[in-house]
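**Q** I have a structure here, written as structure tokens, and I will follow up with some questions on it.
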Amino acid sequence: MHRIRKFIEVGSGRIGYAMTDAALSEVSNGAKWSPDPSFSVADAILADPEFALVLKAVLRDGRVLVAAPKANGK
């Protein structure tokens, strides 16, 4: 299946978007990435139309890494 997927880095919680976890591991010293089965590109764009910029970057560069989300209230 060839589609953009969301992955979460085991341990750090960083988020990566790519077609495969291998594309993410290349730039993160072989870290383990867990796919987010609930991720939907369509839902992400509807929630935030600027997410299209992330998709464009994934198609151009093969992957996008995002810092781990901060916990609310901390």
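The values are calculated or read from the model by the stated rules, or taken from the named source; none is laboratory data. The model shown is predicted, which means the values in this text are computed figures rather than measured ones. These area figures cover heavy atoms from the full protein model, side chains too; ligands, DNA and RNA do not enter into them. Shrake-Rupley method; radii C 1.70, N 1.55, O 1.52, S 1.80 Å.
**Q** Please report the relative contact order for the chain, taking Cα pairs under 8 Å with a sequence separation of at least 6, and give it as a percent rounded to a whole number. Walk me through the numbers before you get to the answer.
**A** Numbers: 99 pairs, mean separation 27.0, N = 74.
Result for the chain is 37 percent.
**Q** I've got another one for you. For Leu55, Leu65, write out the residues from largest to smallest accessible area, computed with a 1.4 angstrom probe and no ligands counted.
**A** Working: Leu55 25, Leu65 65 Å².
Ranking Leu55, Leu65 by accessible area, largest first, yields Leu65, Leu55.
**Q** Per-residue accessible area for Lys6 at 1.4 Å probe radius, Å² rounded to 10?
**A** 40
**Q** Work out how much length Asp48 to Ser34 would gain on full extension: take 0.36 nm times their residue separation and subtract the Cα-Cα distance, in nm to one decimal.
**A** Details: separation 14, 0.36 × 14 = 5.04 nm, distance 2.29 nm.
Once the chain is fully extended between Asp48 and Ser34, it gains 2.7 nm.
**Q** Roughly how much of Glu50 is accessible, in Å² to the nearest 10, using a 1.4 Å probe?
**A** Result for Glu50: roughly 130 Å² accessible.
**Q** What value does the chain have for Rg/Rh, both radii from Cα atoms and Rh as Kirkwood defines it?
**A** On the way: Rg = 12.2 Å, Rh = 12.7 Å.
With Rh from the inverse mean 1/r over Cα pairs, Rg/Rh is 0.96.
**Q** Let me ask something else. Go ahead and set up a Gaussian network model of the chain, Cα springs under 10 Å, then flag whichever of Ser25, Ser34, Ser12 fluctuates most.
**A** Result: Ser12 has the largest fluctuation of those listed.
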